[in-house]
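Below is one structure, written out as structure tokens; comments come after it.
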Amino acid sequence: MVEFVCPIVMLMLIVSFGAAFVRVVIGPTLPDRVVALDMAATIVVALILTHCVQSGSSYYIPAAISIALLSFIGTVALALYISKGGPS
Amino acid sequence: MIREILVSAFLLIGGLLSLVAVAGVLRLPDLFTRMHAATKTGTVGVSAITIGMMIHFGNITVTSRGVLVIAFFLLTAPVAAHMIGRAAYRSGVSLWILTRIDEWKTHGDLGEEDD
Amino acid sequence: MQLFVVNVLISMLWALLTGKVSVGSLTLGFVLGYFALTLLYPAEEEKKNSYFQKTMQVVRFALFFTKELVVSSWRVAIDVIKPLPLMRPGVIGIPIDAETDLEITMLANIISLTPGTLSLDVSKDRKTLYIHAMYVANPDDLRKEIKDGLERRLLELLR
């Protein structure tokens, strides 16, 4: 049963990933783009964990943790950049 | 059997919630309402998938790492949203046109940055 | 705190005795150990002992928090489907009693994860928390709901 569900969930996540990048492209302001990028990183973590379930190996979980960590740091750095004046 | 059904259910819930979160990010009208969708639904979605994975493997290494992932998301997602929201508001991102009240503007202290 | 260490030791002992160290056996050992410890203490002493009280509070708060998380994602799902002009977002300020950094951070995080609200900023005198809410029918009702519900529960857990 899990073998059938995993590809479906991965398809959902990939569609979400692409849709998040639509917001990255059209987002009118920089904060909109940052929120969408954060969302995309969250979806990548979910994708990695789904791949772990599908392949039955747990080797990629530390990769998921470090992507979550890096995306948080990146978001905070961008927020500081925006509050210091941004690209203007 | 029950374990398989549980794993499938959690994975599907996680996938659906990710779709909902992205639909919110695409469709809602201004930055702050979009952050509602991204913060809450995104966090719960990835937590559901993590729980599914923890049930699927069921050994102690994966479970402890899964708990770490969930705790990390619950701690950092609101902090990131808070920082972006504050920075965006101060840099002049406008609220949605139908926003009812803005007490921050009327009697908040939007003075100079103190950090 | 001492009792907590004893409880963890009991759960490890249970896992070793049953012969398999897994999440299930450790959790079961912890729960069994907790009930064994409550049996060791008479009822009136149990009320006074801070470990038992704290445990009940943590369990209650965890259940409450999980319920709020589920409700909040459900509400976002409904908001995404609904036509947009039905939303009435607003930014309101809430006077807070939380004082230390930890209390304010926890309160802001939990407000962000509960349905319909998102914390934005703390004023400089650390007395007011500004939040963005999805539906502001009456600002005073919302303020009262957060102060009496969330903040009271959180502060009784942390203090």
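Of the residues that make up the stretch B:5-25, is at least one modelled with pLDDT under 90, within 21 Å of C:A108 (Cα to Cα) and touching an Asp or Glu at 6+ places or on another chain (Cβ under 8 Å)? For the stretch B:5-25, residues modelled with pLDDT under 90, within 21 Å of C:A108 (Cα to Cα) and touching an Asp or Glu at 6+ places or on another chain (Cβ under 8 Å): absent. In this structure, A:A36 qualifies as within 10 Å of the chain's Cα centre (by Cα) and without any contact (Cβ under 8 Å) to a residue 24 or more places away in the chain. Mind listing just one residue for me: the one in the stretch A:39-55 that is out of contact with any Leu (no Cβ under 8 Å at 6 or more places or on another chain) and of a type outside the set (A, V, I, L, M) and, of those, most open to solvent (accessible area, probe 1.4 Å)? Taking the candidates together, the pick is A:Q54. The residues in the stretch C:130-155 that are more than 10 Å from chain B (Cβ to nearest Cβ) and open to solvent by less than 10 Å² (accessible area, probe 1.4 Å) can be counted, and the count is 2. Screening the stretch C:60-157 for strands (runs of 3 or more DSSP E) wholly inside it with 3 or more residues that are free of Cβ contacts under 8 Å to residues at least 24 places away in the same chain returns the ranges C:117-122. Taking (1) in a helix (DSSP H, G or I); (2) more than 20 Å from the chain's Cα centre (by Cα) in turn, C:K20 satisfies each apart from (1). Taking the conditions (1) more than 11 Å from chain B (Cβ to nearest Cβ); (2) within 22 Å of C:P89 (Cβ to Cβ) in turn, C:L102 satisfies each one other than (2).
Scanning the stretch C:57-83 for residues that are over 24 Å from B:L75 (Cβ atoms) and open to solvent by 40 Å² or more (accessible area, probe 1.4 Å) yields C:I78, C:I81, C:K82, C:P83. Tell me, yes or no, whether the stretch A:56-67 has at least one residue that is open to solvent by less than 20 Å² (accessible area, probe 1.4 Å), under 18 Å from B:G42 (Cα atoms) and more than 13 Å from the chain's Cα centre (by Cα). Scanning the stretch A:56-67, I find no residue that is open to solvent by less than 20 Å² (accessible area, probe 1.4 Å), under 18 Å from B:G42 (Cα atoms) and more than 13 Å from the chain's Cα centre (by Cα), so the answer is no. Of the helices (runs of 4 or more DSSP H) lying entirely inside the stretch B:1-78, those containing at least 3 residues that are open to solvent by 10 Å² or more (accessible area, probe 1.4 Å) and within 12 Å of chain C (Cβ to nearest Cβ) span B:2-27, B:42-57.
The values are calculated or read from the model by the stated rules, or taken from the named source; none is laboratory data. This is a predicted model, so every value here is computed, not measured. So basically every Cβ, Gly included, is an ideal-geometry build from the backbone, and we count neighbours across all protein chains shown. What goes into the accessible areas is simple: the full protein's heavy atoms, side chains included, and nothing from ligands, DNA or RNA. Shrake-Rupley method; radii C 1.70, N 1.55, O 1.52, S 1.80 Å.
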